[in-house]
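Peer 1: Take this structure first; my questions come after.
The values are calculated or read from the model by the stated rules, or taken from the named source; none is laboratory data. Being a predicted model, the structure only gives us computed values, none of them experimental. Cβ sites come from the backbone with ideal geometry, for glycine too, and all protein chains shown count toward neighbours. SASA here: full protein model, heavy atoms, side chains in, ligands and nucleic acids out. Shrake-Rupley method; radii C 1.70, N 1.55, O 1.52, S 1.80 Å.
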Amino acid sequence: MERIVLLSPNSHDFMKKLPSRQLIAKQFPDGEDYIRIPVDFRGKEVVLIHRCYPEQDKSLVQLFLILSTLKGEASRVRVVIPYLPYARQDKLFLKGEALSSKIICQLIKNSGCDELITFDCHFLKKPGRFTYGGLNIRNLSLSHAIISYFKGKLHSPKIISPDEGASYFLVSEKDAGVMKKERGAYSVGKSIYRKPSIEVHFDVRGRNVVIVDDIIGTGSTMLKAVEACRKLGASSISCGTSHGLFLNNSLKRLKRAGAKEVIASNSIKSPASRIDTSDSLRSVL
Ligand code: R5P
């Protein structure tokens, strides 16, 4: 079956080595999106590579327009969203809350996506194939690439996750530790957030530690983990994440708190992007 790889405008840096076509995305004067797929896709398999961060809402609307245009015409549509937005509200805490992780997956499925390929999806918590909200998802993990990066630089590092949720990053590690994280109640005011607190029940004194997590968002989790390791006498602290949002100036704050190096993948473009997701993508496309 003939295959076309389509790149959205925010994803031109992906898959440089694969023959691909670029989508046309423009804005009408009022800011609404115009989409055109400048290639004959009828009866073909389409792989769409589409970053959805930053500007999650706008990128998702673009995605729905692209998918609905392909629907019923392309023979199969696979979408690569390296960092899946709205994946963090996967539980309900208060009556009447929107379960955004599931709703977004249902919308992607209903718009015509046959398979979503993503990395370290927050609500899946391990690599593999899943069906969630009716959507087939292939979740790849960057844990090996992140840990190998540091193993190439540090002598005998101890690999740590700041909470149980990211402990799957450590499955192949003999010298590892999982911190205990708890989150408080929702913050008051317009923005909504639950502050973390962290406990460490293992020894890091004199060790080169590498703290790995799926997301650095506000940086609060990673900052608490770095501070704890520093207080407990780690000799060096490095941080690695799949998705570096680095909100609230957290990249700088992590370094000020004592992190020697902080790296992320290019799922989101940042000065810390060191891991290329295209390497893992090539093996599944
Ligand atoms: C949470 O369970 C995730 O694995 C990350 O630890 C979390 O999303 C990080 O968020 P923040 O940087 O805002 O603490």
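Peer 1: Label points 7 Å out from Cα along the Cβ direction at Asp13 and Lys91: separation in nm?
Peer 2: Distance between the two pseudo-spin positions: 3.4 nm.
Peer 1: How far is the Cα center of segment 224-279 from the Cα center of segment 112-155, in Å?
Peer 2: Using only Cα atoms to place each centre, the spacing works out to 19 Å.
Peer 1: Right, next: State the extension gain, in nm to one decimal, for the chain segment bounded by Glu73 and Leu247, taking 0.36 nm per residue of separation less the distance between their alpha-carbons.
Peer 2: Net length gain for the segment: 58.7 nm.
Peer 1: Projected area of the chain, taken from the Cα convex hull and averaged over every viewing direction, in nm²?
Peer 2: 16.3 nm²
Peer 1: Also, quick follow-up: Over segment 154-277, what percent of the accessible surface lies on carbon and sulfur atoms, probe 1.4 Å?
Peer 2: 50 percent
Peer 1: Just to confirm, what accessible area per residue do you get for segment 129-208 at 1.4 Å probe, in whole Å²?
Peer 2: About 58 Å² of surface per residue is accessible.
Peer 1: Roughly what would the spin-label model give for Arg230 and Ser273, points 7 Å off Cα along C-beta, in nm?
Peer 2: 2.8 nm
Peer 1: Can I ask one more? Of the listed peptides 151-163, 184-196, what is their order by residue-averaged count of other C-beta atoms within 10 Å, with the highest listed first?
Peer 2: My ranking of the peptides, most packed first, is 151-163, 184-196.
Peer 1: Can you compute the label reach from Glu164? Point 7 Å from Cα along the Cβ direction, backbone N cut-off under 11 Å, restricted to segment 173-203.
Peer 2: Residues 180-182 fall inside that zone.
Peer 1: Right, something else. If you line up the Cα atoms of segment 3-140 on their principal axes, what length do they span on each, largest first, in Å?
Peer 2: 45, 38, 29
Peer 1: Something else about it: Find the Cα radius of gyration of segment 203-285, compare it with 2.2 N^0.38 Å by division, and give the number to two decimals.
Peer 2: Here the answer is 1.14, to two decimals.
Peer 1: For the ranges 25-35, 206-216, what's the packing order if you count other beta-carbon atoms within 10 Å of each residue, average per peptide, and put the highest first?
Peer 2: Those peptides, ordered most packed to least, come out 206-216, 25-35.
Peer 1: Going by average Cβ density within 10 Å per residue, which order do the peptides 52-59, 270-277, 114-121 take, highest to lowest?
Peer 2: By packing density, highest mean first, the sequence is 114-121, 270-277, 52-59.
Peer 1: Need one number: the % of Cα-Cα pairs in segment 1-81 sitting beyond the 18 Å mark.
Peer 2: More than 18 Å apart: 37 percent of the Cα pairs in segment 1-81.
Peer 1: Using Stokes-Einstein with the Kirkwood hydrodynamic radius over Cα pairs, what translational diffusion coefficient do you get for segment 143-275 at 10 °C and a viscosity of 1.306 mPa s, in µm²/s rounded to a whole number?
Peer 2: 108 µm²/s
Peer 1: Can you give the FRET efficiency for Val171 and Asp30, using 1/(1 + (r/R0)^6), R0 = 41 Å, r = Cβ-Cβ distance, to the nearest 0.05?
Peer 2: Efficiency, rounded to the nearest 0.05: 0.25.
Peer 1: Still on this structure, I have one more. What pairs in Lys71/Lys126; Lys102/Lys181; Lys125/Lys195; Lys109/Lys260; Lys102/Lys224 have C-alpha atoms more than 32 Å from each other?
Peer 2: Distance filter (> 32 Å) returns Lys109/Lys260.
Peer 1: Relative contact order, percent, of segment 154-264 when contacts are C-alpha pairs under 8 Å separated by at least 6 residues?
Peer 2: 24 percent
Peer 1: Sticking with this structure for a sec: Could you compute the FRET efficiency for Asn136 and Arg205, with r as their C-beta to C-beta distance and R0 at 35 Å, rounded to 0.05?
Peer 2: Computed FRET efficiency for Asn136 and Arg205: 0.15.
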